[in-house]
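S.K.: Pasting a structure below so you can have a look.
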Amino acid sequence: MTRTIKNFRKTLDAVAMNNEAAAIAVMRAADRIGDESLKQQLFNVIQRMNQDAAELRVVREHV
């Protein structure tokens, strides 16, 4: 495996971890919001962030 590929895989891992960490932060904030419509929108964002993280990990395995 070349150095470029290793660096690319590390970057994919880092982005996936950042997405997951951000999703947790957004989830904590959403739990404190009283506006149900906004809360639902934030939960949808959380789901997309976690899905993106999962997809990045799949891509990483194929690189």
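S.K.: Please find, within the range 26-63, the residue that is farthest from the chain's Cα centre (by Cα) out of those that are over 30 Å from K6 (Cβ atoms) and of a type in the set (S, T, N, Q).
M.R.: Only one residue tops the list, namely S37.
S.K.: From the residues in the range 33-63 that are under 14 Å from E20 (Cβ atoms) and small (G, A, S), which one is surrounded by the fewest Cβ atoms within 10 Å (Cβ to Cβ)?
M.R.: So the residue we want is A54.
S.K.: How many of the residues making up the range 16-32 are out of contact with any helix residue (DSSP H, G or I) (no Cβ under 6 Å at 6 or more places or on another chain) and under 18 Å from V58 (Cβ atoms)?
M.R.: 2
S.K.: Please work out if A14 is within 11 Å of the chain's Cα centre (by Cα) and surrounded by fewer than 13 Cβ atoms within 10 Å (Cβ to Cβ).
M.R.: Numbers: within 11 Å of the chain's Cα centre (by Cα): yes; surrounded by fewer than 13 Cβ atoms within 10 Å (Cβ to Cβ): yes.
Yes; evaluated as a whole, the condition is true for this residue.
Read-outs throughout are calculated quantities, based only on the coordinates presented, and are distinct from any laboratory measurement. Quick caveat, the model's predicted, so the values are computed rather than measured. Here the Cβ is made from the backbone with ideal geometry for all residues, glycine too, and neighbour counts use every protein chain on show.
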